[in-house]
Amino acid sequence: MNPYPTALEIAPDSRLAITWSDGQRRLYTIRALRAACPCATCREKRSQPADPFALPTLKQVQTEPLRIAAMQPMGNYAYSIAFSDGHDTGIFAFDLLRQLGEEG
Ligand SMILES: [Zn+2]
């Protein structure tokens, strides 16, 4: 059986810590998780080339610390993660979560 999360917590530095069934503990920054969101909308956005003539912008949600609003299991293979910016359609499969973050 593939490793599955046995504990979720927000570490003191605001990173998400996942403890896995094989004993590994991985730390994830919330922004990196949000940037890796595997939903169709985010994948399409990432695949589009950036407009070279667009001036950079900073939206209000980007000026505030990004947090996880909720994290719910989907079946026994993934977690649905809702972010504090209102985005909640990302389904993070365990194998994706194992590739993201860093051991710590
Ligand atoms: Zn998404």
Those residues that are within 16 Å of the ligand (Cβ to nearest atom) and not hydrophobic (A, V, I, L, M, F, W, C), I need them from the range 37-49; list them, please.
P38, T41, R43, E44, K45, R46, S47, Q48
Within the range 1-14, how many residues are free of Cβ contacts under 8 Å to residues at least 60 places away in the same chain and assigned to a loop (DSSP other than H, G, I, E, B)?
5
Members of the range 68-77 that are within 16 Å of the ligand (Cβ to nearest atom) and in contact (Cβ under 8 Å) with a residue 24 or more places away in the chain
I68, M71
First in the range 87-98 and under 17 Å from I30 (Cβ atoms), second anywhere and near the ligand (Cβ under 10 Å from one of its atoms) and in a strand (DSSP E or B), Cβ under 6 Å, 6 or more apart
G90/I81; F92/I81
Please enumerate the residues belonging to the range 75-104 that are among the small types (G, A, S) and more than 16 Å from S14 (Cα to Cα).
G75, A78, S80, G86, G90, A93
Would you confirm, using the coordinates I've provided, whether Q72 is within 28 Å of L8 (Cβ to Cβ), of a type in the set (S, T, N, Q) and surrounded by 10 or more Cβ atoms within 10 Å (Cβ to Cβ)?
yes
If M1 meets every condition in (1) touching a strand residue (DSSP E or B) at 6+ places or on another chain (Cβ under 6 Å); (2) closer than 14 Å to F94 by Cα apart from one, which number is that one?
(1)
Within the range 45-104, which residues are part of a loop (DSSP other than H, G, I, E, B) and closer than 18 Å to N2 by Cβ?
G75, N76, Y77, L100, G101
Checked the range 43-65 for anything among the aliphatic types (A, V, I, L, M) and surrounded by fewer than 10 Cβ atoms within 10 Å (Cβ to Cβ); matches are A50, A54, L55, L58
Out of everything in the range 15-39 that is part of a helix (DSSP H, G or I) and in contact (Cβ under 8 Å) with a residue 12 or more places away in the chain, what residue ends up being farthest from E102 (Cα to Cα)?
R34
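Quick grid of which residues meet (1) away from the ligand (no atom under 16 Å from the Cβ); (2) at pLDDT below 95; (3) at negative phi:
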site: T19; (1), (2), (3): yes, no, yes
site: D51; (1), (2), (3): yes, yes, yes
site: V61; (1), (2), (3): no, yes, yes
site: Y79; (1), (2), (3): no, no, yes
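The values are calculated or read from the model by the stated rules, or taken from the named source; none is laboratory data. In this text, all values refer to a predicted model and were calculated from it rather than measured experimentally. Positions of Cβ are backbone-derived with ideal geometry, glycine not excepted, and every protein chain shown enters the neighbour counts.
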